[in-house]
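Each remark here refers to the structure printed beneath this line.
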Amino acid sequence: MITPAFELTQDPDFLTVKIRVPYAKASEFDIYFEGEDFKFYAKPYFLRLTLPGRIVEDGREKASYNTDEGIFTIQLPKEVPGQYFEGLDMLTSLLAPKKSRSAKPLVEEMAASAELSDENEEEFDWEMEQIPYEESTPALQHPYGFGNLRSGVFQRLQDELSDVIDIKDPDQTPAEERRRKRLAAEAAKFEPDHYLADFFEDEAIKHLLKYKPWWIDAHKKMTALQGESHQEHDNPPFVVFSEEEREQMRKFTNKSYLLDKRSRQHIYLGLIDILLAYCYETRVNEGDKNVESSWNIRKLSATLCWLESFSSIHDVLVSFGRRVLCYPLYRHFELVTRAFNDTVMILHLGKAAVLKCLLDIHKIFMESDPAYILNDLFITDYCIWIQKVKSKKLAALCESLQKTTLSKSHMGLELEELEAAAVLVQEEEKALKAAGTVSKQQLLCSESETSDSEESSSTSSSETEGSDSDEQESSTSEDGEINSSRGVLQEERTAPLIDCNGLRQGTDTSAMEVSDGKSKVPLQSPTPPGKLVEELEMQIRSAMRLSEQPEGLATAGCISQEQEENPVPEPDRFSEDAAGKGNFLEVSPKPNPLLFLCSTNEDED
């Protein structure tokens, strides 16, 4: 018979069972339910459930079948309307037959079989050979595993399982000696340099601390809804199992565990240790799985790696913290604190969240060749056991864990002293660097001051020399300009060209330029206007001589040329001519000598 996939939900009045039976004949199925028992049969599927509450057949029950999906949906009325059925998602415990929840039937069955064997026992042989009794001491074996219910496993498989656990020959090693060896191995493994490197260069650590696994959002939703409603059972489920996880639960074989108080304490403390390691692995890999996932979980959990049996929650936290600071890639105390908070959230969410984490660990170990044995020793039993644990027990465990404190001083690795010494070294290095920088700056400043003083002295001397040379150049240039302008005027006055009227073109041109006020001479020569007037007067007198003696042009030209080269003022003669003619002294501000000469010649003719 095949156990089908199924799912249970509820509302205040009904319990709903959905059973997936593909390729089954809908016309051939049987359903039986009464009290806490539920049975379903549709060839080749068979399902038997032991419910956490009682149901009743009163005519309100309903059943339907979806042929496309192959799903039967059955609604069963609750005997007490409004009752909350706890643990409907714990499929393994629901599959267990009712009689297997107690150990009494097994004991009674064993007793009955013993009575039956006594009745069928053969006649005793009184003549059998007797052998002297020798007291033999059996090999001392120390239990381990879930609830310390196993022993002798590693004695048979020591060679194959040497990579799974760190302790050698656990069957012959008592719990106290295991603890001593574990502490010694952790102290030898601790590397201060690695720890300080992660402490000061914590960029990667800060990135990992920002990661939010699935239980953070679920815990926020639960807290928000609990604040709005005080009825816990009215809240929707915050943890949802995938189909793969449901299949895992269906494959587990249900068991009953006879545990005393001490064994139950070891189981609860071991559960905390395993969840801490799982939370660390989930955070550092950001929810992804890799080849190191199995190693991280079993290496950080002393329960799995050293078969440790703890006696208090504080011992669990100290052990986990020490192993985080000794073995994995990221060794930072803040990761210890964050894993601690994550474990509190998971326990607060209830056994569904715990079971989801255990199923994930079971899958990781199943895919790792050497670690699969840890499923048989611990994880499978934890997955079955947690489904039957009361929620109040987990709530009390969560509260106790939340009240426990953990600090660096509890690690026993002198972390605070290491950090203080490293900070002092850093401060000394910074002081030395600062002193070196100041000395370099002072040296550079002194050198710059010396160079600045030298540059200023050289600059002042060069400026003095430059100013003297500039003055000499300016005076020289001014003298050159004056001389050049004078040379230009002299050349213009001594030009040998003579126009048609017997006048030199150079003389007329210079006179026109002066009279028009547009001459180039003032632009080229700074000669005072008084000298120009004198020169103009001299030119007018020479022109008058030429006009009075027209027949002696060559002689007059020579004479005028000599006079221009060696000008000699003739004030008496000029005044006589001026008195005789009377028109030459009354000239306009811009006189034109050609006009005057033309008019004079016409009057004489």
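The values are calculated or read from the model by the stated rules, or taken from the named source; none is laboratory data. Since the structure is predicted, the reported quantities are computational estimates derived from the model, not experimental observations. Neighbour counts run over all protein chains shown; Cβ positions are idealised from the backbone, glycine included. Only protein heavy atoms, including side chains, enter the accessible area calculation; ligands, DNA and RNA are left aside. Shrake-Rupley method; radii C 1.70, N 1.55, O 1.52, S 1.80 Å.
The residue that is least open to solvent (accessible area, probe 1.4 Å), among those in the stretch 50-73 that are polar (S, T, N, Q) and touching a residue at least 40 places away in the same chain (Cβ under 8 Å), is Thr50. If you scan the stretch 74-85, which residues turn out to be touching a Lys or Arg at 6+ places or on another chain (Cβ under 8 Å) and loosely packed, with under 13 Cβ neighbours inside 10 Å? Selection gives Val80 alone. Sub-9 Å Cβ pairs linking a first residue in the stretch 294-311 that is more than 17 Å from Asp169 (Cβ to Cβ) and part of a loop (DSSP other than H, G, I, E, B) to a second residue that is open to solvent by 10 Å² or more (accessible area, probe 1.4 Å) and of a type in the set (Asp, Glu), at least 6 apart or interchain, are Ser301/Glu308, ordered by first then second residue.
Of all the strands (runs of 3 or more DSSP E) wholly in the stretch 1-103, which have at least 2 residues that are closer than 21 Å to Val240 by Cβ?
Strands (runs of 3 or more DSSP E) meeting the threshold: 5-10, 14-20, 45-55, 71-77.
Does the stretch 311-341 hold any residues that are over 18 Å from Leu418 (Cβ atoms) and open to solvent by less than 10 Å² (accessible area, probe 1.4 Å), and which are they? Listed by number, the residues that qualify are Val316, Leu317, Ser319, Phe320, Pro328, Ala339.
Hey, can you tell me all the residues within the stretch 352-390 that are in a helix (DSSP H, G or I) and open to solvent by 50 Å² or more (accessible area, probe 1.4 Å)? Once the filter is applied, which keeps residues that are in a helix (DSSP H, G or I) and open to solvent by 50 Å² or more (accessible area, probe 1.4 Å), the stretch 352-390 yields Lys363, Met366, Tyr372, Asp376.
Residues to consider are Thr73, Thr92, Thr67; find the one that is under 25 Å from Val354 (Cβ atoms) and polar (S, T, N, Q). Working first, answer last.
Details: Thr73 fails: under 25 Å from Val354 (Cβ atoms); Thr67 fails: under 25 Å from Val354 (Cβ atoms).
Of Thr73, Thr92, Thr67, the one residue that is under 25 Å from Val354 (Cβ atoms) and polar (S, T, N, Q) is Thr92.
Would you be able to say whether some residue in the stretch 127-143 is closer than 27 Å to Cys357 by Cα, at pLDDT 85 or above and surrounded by 16 or more Cβ atoms within 10 Å (Cβ to Cβ)? Working first, answer last.
Let us first name the residues in the stretch 127-143 that are closer than 27 Å to Cys357 by Cα, namely 143.
Going one step further and asking which of them are at pLDDT 85 or above, we end up with 143.
With surrounded by 16 or more Cβ atoms within 10 Å (Cβ to Cβ) added as a condition, the list becomes 143.
Scanning the stretch 127-143 turns up at least one residue that is closer than 27 Å to Cys357 by Cα, at pLDDT 85 or above and surrounded by 16 or more Cβ atoms within 10 Å (Cβ to Cβ).
Are any of the residues in the stretch 267-284 over 18 Å from Pro213 (Cβ atoms) and in contact with a Ser or Thr (Cβ under 7 Å, 6 or more places away or on another chain)? The answer is yes; a qualifying residue exists. Residues in the stretch 1-49 that are more than 21 Å from Thr67 (Cβ to Cβ) and open to solvent by 80 Å² or more (accessible area, probe 1.4 Å): Met1, Pro12, Tyr32, Glu34, Arg48.
This table checks each residue for (1) open to solvent by less than 50 Å² (accessible area, probe 1.4 Å); (2) at pLDDT 90 or above; (3) assigned to a helix (DSSP H, G or I).
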| residue | (1), (2), (3) |
| --- | --- |
| Glu177 | no, yes, yes |
| Arg180 | no, yes, yes |
| Lys206 | no, yes, yes |
| Trp215 | yes, yes, yes |
| His233 | no, no, yes |
| Phe238 | no, no, no |
| Thr253 | no, no, no |
| Ser256 | no, no, no |
| Arg264 | no, yes, yes |
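Hey, among the residues in the stretch 391-414 that are in a loop (DSSP other than H, G, I, E, B) and not small (Gly, Ala, Ser), which one's most open to solvent (accessible area, probe 1.4 Å)? Once the filter is applied, the top-ranked residue is Glu414. Among the residues of the stretch 9-25, is any under 18 Å from Leu91 (Cβ atoms), of a type outside the set (Ser, Thr, Tyr) and over 54 Å from the mean Cα position of the chain (by Cα)? The answer is no; no qualifying residue exists.
As a summary of the residue check, Glu186 satisfies the conditions (1) over 35 Å from the mean Cα position of the chain (by Cα); (2) under 23 Å from Tyr144 (Cβ atoms); (3) of a type in the set (D, E, K, R) except for the one numbered (1).
Please tell me if Glu292 is exposed (fewer than 14 other Cβ atoms within 10 Å of the Cβ) and either over 23 Å from His362 (Cα atoms) or not hydroxyl-bearing (Ser, Thr, Tyr) (or both). So Glu292 fails the test. Is there a residue being outside any helix (DSSP H, G or I) and open to solvent by less than 50 Å² (accessible area, probe 1.4 Å) anywhere in the stretch 417-432? Checking the stretch 417-432: not a single residue is outside any helix (DSSP H, G or I) and open to solvent by less than 50 Å² (accessible area, probe 1.4 Å).
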